[in-house]
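What follows is a set of notes on a single structure, which appears directly below.
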Amino acid sequence: MFSRSVKIFTLYGFDIKLDPSWVLIATLIVWSLATQLFPQVRPDLDPRTYYGMAIGAMLAFFASLVLHELAHSLVARRFGVEIKGITLFIFGGIAELGGEPKTAGEEFWIAVAGPAMSFALWLGFGFLALISPTSNALTDVLSYLSTVNLILALFNLVPAFPLDGGRILRAYLWNRSGNLLEATRKAAQAGTAFAYMLMGLGVLSLFQGREIAGLWQVFIGFFLLTVARTTYQHQVMKSAFQNKTVAAMMTRDVVTVDPDQSLAALVNQVMLRHRTSFVPVVEDGVLLGYIDGGVLAKIDRENWPTSQVGDVFYELNEDNTVSQDLSAEALMQRMTETGQRKFLVADEHHLLGVITLSDFLGYLAILQELNTSGPTFKTTAPT
Ligand SMILES: [Zn+2]
């Protein structure tokens, strides 16, 4: 999600990273604090002081965000959930979970830790502002930090997935029904409704002449909407494929090609006739590898009749082959990580079938059709 982010330091073993988009929000915060908020609450200081206060406040605000995410991450690590790192980006901070919480209880504690930290920071900064002997520029910065941490805690507790409150809602529903998918669907629905509401408010602000605030709400709404949708879809896939292996979904009836066939014959007699561009290469029952449309595209069409499959095919190796016992989930992960969409299914050099992304999606579509009685899948999909 944040491929361009830069690691800045490590905290408790977690990589703290900055996404380039963070620069925009940091600049915006400094600018609005130095030119608007601080001159309003304490007039008659010189502009350099306002900028000093604003930069200090911005840095402490981002430290607060890191602490919020750190709280999530430490609890997650306690439960054995892998954390890929903490990234600061345009909409704040995010702790990227490498896995999912295993129970509703774990999800609840991981979700609640962040807002709890923000509440603690609200109290902490508020207390410091209160005990300072004289009211000065520093107390203004402390009061500001106290307030933003309170807002951060409250905003994150809105029960709209993927916000922390939405995760708490999902944990509650999951605990009540025992059905993670159904719980995700409802929490994501609440998230979608909240996202549309934010976008609506944003558009309203635009018409009222508050362009920056308005655009902001629209963007955050859109971001939440996207995450809510993709998380739910991901969960649908995961539930549908639960306990399924490659064997259940692969195409068994595969047309193969002999290595001494010409490329022209391959195209005309195999690919076009059987409408497939991924063809295993087999000689006397021994699987050698595969050939696909990508290889052909690199070879001049006039050379097709004289070139042989055996000269250009991809040889069998562990990157393009899977076992039929591989779980659907592991395959899905492999497809996402490598970008490879098509695999040979083999036992040593014996071809059992092929599995492609479209096999996956086709399987999913059939399950969906069979399950028309309910609005969504049951946790255990029909076999
Ligand atoms: Zn959080």
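Which trypsin sites (Lys or Arg not before Pro) from segment 218-310 combine a DSSP loop assignment with at most 12 other Cβ atoms within 10 Å?
Those satisfying the criteria are Arg252, Arg275, Lys298.
Exactly which GluC sites (Glu not before Pro) in segment 267-322 are in a DSSP loop and have at most 11 other Cβ atoms within 10 Å?
Glu318
Please identify, among Leu198, Leu157, Leu11, the residue showing maximal mean-square fluctuation in a Gaussian network model of the chain using a 10 angstrom Cα cutoff.
Of Leu198, Leu157, Leu11, the Gaussian network model singles out Leu11 as fluctuating most.
Hey, with R₀ at 30 Å, roughly what FRET efficiency would Ala365 and Tyr196 work out to, going by the Cβ-Cβ distance, to 0.05?
So, using R0 = 30 Å, E works out to roughly 0.65.
Near the amide H of Gly289, under 5 Å away, which other amide H atoms are found, from residues 5 or more places off or on another chain, if H is placed in the peptide plane?
Val281, Leu316
Any chance you could list P(r) for the chain, counting all Cα-Cα pairs in 10 angstrom bins from zero, rounded to whole %?
Histogram of Cα-Cα distances, whole percents per bin: 5, 17, 23, 19, 15, 11, 6, 3, 1, 0.
For segment 234-303, what class follows from the C-alpha gyration tensor (a ≥ b ≥ c being the square roots of its eigenvalues): rounded when a/c is under 1.5, otherwise prolate if a/b is larger than b/c, else oblate?
Because a/c hits 1.5 or more and a/b exceeds b/c, segment 234-303 counts as prolate.
Using the Karplus curve 6.51 cos²θ - 1.76 cosθ + 1.60 with θ = phi - 60°, what ³J(HN,Hα) values do you get for each residue of segment 152-159, in whole Hz, with x for Gly and Pro?
4, 5, 5, 4, 5, 8, 4, x
Can you give me the P(r) profile for segment 6-157? Cα pairs, bins 10 angstrom wide beginning at 0, each as a whole percent.
Final binned percentages: 11, 36, 33, 15, 5, 0.
Each residue of segment 266-276 in turn: what ³J(HN,Hα) in whole Hz from Karplus with 6.51, -1.76, 1.60 and θ = phi - 60°, glycine and Pro shown as x?
In residue order, the calculated couplings are 4, 5, 6, 8, 10, 4, 5, 5, 9, 6, 9 Hz.
Not counting the cut sites, what is the longest span of the chain without chymotrypsin sites (Phe, Trp or Tyr not before Pro) that DSSP labels loop and that have at most 16 other Cβ atoms within 10 Å?
92-383
Based only on other Cβ atoms within 10 Å, what is the fewest-to-most ordering of Ile86, Ile25?
Ile25, Ile86
If you look at just the Cα atoms of segment 246-370, how large are its Rg and its Dmax in Å?
Using the Cα atoms of segment 246-370, the pair Rg, Dmax is 14.9, 48 Å.
Give me the angle, in degrees from 0 to 90, between the Cα long axis of helix 47-78 and the longest principal axis of the Cα atoms of the chain, rounded to the nearest 10.
50
Using each residue's phi in segment 198-204, evaluate 6.51 cos²θ - 1.76 cosθ + 1.60 at θ = phi - 60° and report the 3J(HN,Hα) Karplus result to the nearest Hz, with x for Gly and Pro.
For segment 198-204, the Karplus curve yields 4, 5, x, 4, x, 4, 4 Hz.
Pairs Lys17/Lys342; Lys84/Lys238; Lys7/Lys298; Lys7/Lys102; Lys238/Lys298: which are spaced more than 27 Å apart, C-alpha to C-alpha?
Beyond 27 Å between Cα atoms: Lys17/Lys342; Lys7/Lys298; Lys7/Lys102; Lys238/Lys298.
List every residue whose amide H lies under 5 Å from the amide H of Gly353, counting only residues 5 or more places away in sequence or on a different chain, with H placed 1.01 Å from N in the peptide plane.
Sorted by chain and number, the residues that satisfy this are Val345.
No lab work stands behind these numbers, since they all come straight from the coordinates. Note that the structure is a prediction, hence the values are computed from the model and not measured. Every residue, glycine among them, receives a Cβ derived from its backbone with ideal geometry; neighbour counts consider all protein chains shown.
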